[in-house]
Amino acid sequence: MKEDTLVIHEIYSSIQGESTFAGLPCTFVRLTGCNLRCAWCDTTQAFYGGKRMPRSEVREKALAFGTPLVELTGGEPLLQPGAIPLLQDLCDAGRTVLVETSGEADVSRVDPRVHKIMDLKAPGSGESHRNRWSNLTHITPRDEIKFVLSDRVDYEWMRSVIHERELAQLGCTLLASAVWGKLSPKDLVAWVLEDALLVRVQVQLHKVIWGADTQGV
């Protein structure tokens, strides 16, 4: 029964704010619940509450917005057993499907058609010890690894991980983000250029457009 229902915080359409899909119209399915407590989390409202819905209803609501792009996010969407079949349902419906995941949850069962956007938690998050390094064996060139950085220590950690874990050999896109209001994107760009680091520096486009505290956009 658990795979047939999900606890949903919200379903809405907007534009994709991050990743290589930034700027494209996208429907977001935000699931309730997360087992991490990152120091810089900007979606704490999704930790609790929400409404339990049949998976078929979630699918239909997501498809009704008509966007070619659909993302499951949270919280941590992969904590709910119903997320795996929902991702498959959305792929079967012909959508380009993304899942935004923390890097702690197991990604091995995610449909290979899905674009996984997976965090690797830097020390500044307070959750770096929770990274599930075995997930890297399930990352393909269609996926993206995201580093959210709060300071120079986080940056140097990212740089070391990229080299020591040989992430370039995975063929996926590496994303580097500055924690909003803590690390200047200008500083991050300067460090990346100085080290000739092959990462895509990104900003949270939705916060640039609507402001840092606006939800459901």
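The values are calculated or read from the model by the stated rules, or taken from the named source; none is laboratory data. Computed from a predicted model, the values in this text were never measured in an experiment. Neighbour counts run over all protein chains shown; Cβ positions are idealised from the backbone, glycine included. Only protein heavy atoms, including side chains, enter the accessible area calculation; ligands, DNA and RNA are left aside. Shrake-Rupley method; radii C 1.70, N 1.55, O 1.52, S 1.80 Å.
Summary table below
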{"read-out": "Accessible-area composition of the chain, carbon plus sulfur, in percent [1.4 Å probe]", "value": "51 percent"}
{"read-out": "Segments 68-81, 200-213 sorted - mean Cβ within 10 Å per residue, highest first", "value": "68-81, 200-213"}
{"read-out": "Around GLY126: net Lys/Arg minus Asp/Glu count, Cβ-Cβ under 14 Å", "value": "-1"}
{"read-out": "Compactness of region 1-71 - radius of gyration and Dmax, Cα, Å", "value": "13.2, 36"}
{"read-out": "Kirkwood Rh and Cα Rg combined as Rg/Rh, region 74-202", "value": "0.98"}
{"read-out": "Per-selection Kirkwood Rh - region 32-106 (Cα, Å, 1 d.p.)", "value": "13.1 Å"}
{"read-out": "Ellipsoid equivalent to the chain - semi-axes via the Cα gyration tensor, in Å", "value": "28, 18, 16"}
{"read-out": "Total charge dipole magnitude, region 142-217, about the Cα centre, Cβ charges on Lys, Arg, Asp, Glu only, Debye to nearest 20", "value": "220 debye"}
{"read-out": "Net +/- balance of residues flanking PRO85 in space, Cβ distance below 11 Å, scoring K and R +1, D and E -1", "value": "-1"}
{"read-out": "Contour excess over end-to-end distance, with Cα ends at SER13 and THR137 and 0.36 nm allotted per residue", "value": "41.4 nm"}
{"read-out": "Estimated inter-spin distance, LEU63 and GLU166, nm [label 7 Å along Cα→Cβ]", "value": "4.3 nm"}
{"read-out": "Nearest-ten-degree value, helix 55-64 long axis tilted from longest Cα axis of the chain", "value": "70 degrees"}
{"read-out": "Between region 1-69 and region 126-170, the alpha-carbon center distance in angstrom", "value": "24 Å"}
{"read-out": "For the chain: accessible area per residue (Å², 1.4 Å)", "value": "46 Å²"}
{"read-out": "Within the chain: Cβ-based charge dipole about Cα centre, in debye rounded to nearest 20 (Lys, Arg +1; Asp, Glu -1)", "value": "260 debye"}
